[in-house]
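The values are calculated or read from the model by the stated rules, or taken from the named source; none is laboratory data. Note that this is a predicted model, so its numbers are computed, not measured. With ideal geometry, Cβ positions are generated from the backbone for all residues, glycine too; neighbour counts draw on all protein chains shown. Note: accessible area is taken over every heavy atom of the protein model, side chains too, but ligands, DNA and RNA are not part of it. Shrake-Rupley method; radii C 1.70, N 1.55, O 1.52, S 1.80 Å.
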Amino acid sequence: MPAIARSKGDSTPQKRRLRSDAAVAQDCAVSTPDKWKSPRRCISASPNSPNGAERDSSENPGKSLVTKLSDKFISKPKWNPGGKREFYAEHMRAAKEALHVSTAPATVLCREEEQRRVLEFCKACVEQEKAGSLYVCGCPGTGKSLSMEIVKQLLVDWAKEAGHQQPDVLTINCTSLAKTSEIFSKILTNVQPRKRANGSSTSALQDIQNLYSQNPRSSGKKMMLIIADELDYLITKDRAVLHDLFMLTTFPSSRCILIGIANAIDLADRFLPRLQSLNCKPTVVTFRAYYKDQILKILQERLSALPYIVFQPQALELCARKVAAASGDMRKALCVCRSAIEVLETELRESSSAFNLSTVEKALPEQQTAAAPDFLGQQEIDVVRLDHMAVALSKTYKSPIVDTIQSLPQHQQIALCSAVKLFRGGKKDTTVGEKQQLGKRERKCCRDER
């Protein structure tokens, strides 16, 4: 007990001394106005200053992706879609082109692991001079086709650097085939370009099978990479074309590296059951749907090529969240962003017709004398905002069935609701001919409506 009392007695002067030191430090902090900066000025402060260094070291580890987007956009000049006509058209065209689906990026982000697996598979086949088959599947808009284009180029470059014979590459989009069997004619033309000119009576499939049945040493053919996109278009009633295509990799002299691309995850299990029994089932690589942070990162990469700001970071986050929750389709996210730009374009076009010149002349001196912290608020006047993105999302994900039902007269809506209630609890063989029950349901719905 005495020790405790002594410790309490000793701590009181120390506490008083600490409080006095804190008061002095606080007075010094108040007396030095350089240390008190607004958050907006601190963002644009020089990194060489001690305050800027302390802020960066304390904030960067915990920053979200949206905050990083905001900080990056601040350094860019303001987008000017409502300025002069030539700049207006040029800015709109550049922004839409950067977000167009057909604009292929230099690198496919967030798909490095899938590309590595496919590339390692192709490298092993080239090194061992052994045929193989691979099935790439995933939801639409997950970067399958773009990734295969990059893998194709990486494989050719690797074979050239490693001293291997460069493989021939054949890329086929199965939707462009008039008949499903034409894929064998394209493969034969790539393997032996003069074969069809000789007027052979046998089919292209038999010619390929005869060629790959020869002695491997006597064939002397180099490896061939076949990328068949939209593979599900080859599914026929007897599934013969799809089965024969994958069977080309099982011949002793085959030099095919077959990569099939489709959306169905279980295509090999449903349509190619014999391949598993023959122990030649293709290796499966699945491309998962994009989630929110990945969609934000890809949109940021696309927009980084533009020298000006186009979107509010919050608008991009709303688009990424909605698309990730719905399907994770990156193509859908790009279409939504383009639609949001068109919404802004329509708004600017309508406002310009009713624009008052005196308001502009009155606002010019105020803009010139505005303070530096007002830069962020002024910068978001002519960019795609949350309301523009919300309109674009509602247009994209609006159901035409719901619109049709809402446009019906009230009596027809009641009749439709009555039919739904009747058939929902009935059996499968329930028909519309049961007018009595349907009439009772309709009258009941009318009473409930009242």
| Using a Förster distance of 30 Å, how high is the FRET efficiency between THR189 and TYR291, based on the Cβ-Cβ distance and rounded to 0.05? | 0.10
| field | segment 111-182: GluC sites (Glu not before Pro) falling in loop per DSSP and having at most 15 other Cβ within 10 Å | value | GLU129
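Per residue, what accessible area does segment 210-347 have, given a 1.4 Å probe and all protein chains present, in Å²? Walk me through the intermediate numbers first.
Numbers: 6020 Å² over 138 residues.
Here the per-residue accessible area is 44 Å².
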| message | Rounded to the nearest 10 Å², what accessible area does LEU205 have for a 1.4 Å probe in the complete protein model? | response | 30
| task | Report the accessible area of SER102, computed with a 1.4 Å probe over the heavy atoms of all protein chains in place, in Å² rounded to the nearest 10. | result | 90
| task | Along Cα→Cβ, 7 Å out, is where each label goes; now give me the distance between the ones at VAL284 and SER176 in nm to one decimal. | result | 2.9
